[in-house]
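Any read-out appearing in this document is the output of simple, stated calculations on the displayed coordinates, not a laboratory observation. Computed from a predicted structure; not experimentally measured. Cβ sites come from the backbone with ideal geometry, for glycine too, and all protein chains shown count toward neighbours.
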Amino acid sequence: MEQVEEGAKAYRVAAHIGDIVKLGRRAAEWDREVSIYRGRLQWREMISRLIDPEAAWRVYTQYGAPETNACTMCGGYCPMMWAREQAKKVVV
């Protein structure tokens, strides 16, 4: 059953890529929305819009609740988090 689920996920990813090629901007809007939430470090909102939010949430929380606002891949070295911190320091 797990292989069937993985195959279905791969099919959905491939179909989405095909939609982007065929439909352009309309299909890419979903990707843009996910990117916006990722850039804002709004992980719950981003994960809820992914192809498999349950699996993404398992990966995100596999070692417990993250202690930082960064993603689990970058941790404290998150470039988005760093850029936000630097922007706060800029005096206009």
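Remark: ARG26, ARG38 ranked as ARG26, ARG38, counting other beta-carbon atoms within 10 Å and listing the fewest first. In the chain the Cα-Cα distances spread across 10 Å bins starting at 0 as 14, 36, 32, 15, 3, 0 percent of all pairs. In percent, rounded to a whole number, the relative contact order of the chain is 18, using alpha-carbon pairs under 8 Å and six or more apart.
Computed from the C-beta positions of GLN3 and LYS88, the FRET efficiency with R₀ = 41 Å rounds to 0.30. Residue ranges 83-89, 56-62 sort as 56-62, 83-89 when ordered by packing (mean number of other C-beta atoms within 10 Å per residue, highest first). Helices in the chain, meaning DSSP H runs of at least 4 residues, each add -39500 (n - 2.57). Divided by all residues, the mean residue ellipticity at 222 nm is -21000 deg cm²/dmol.
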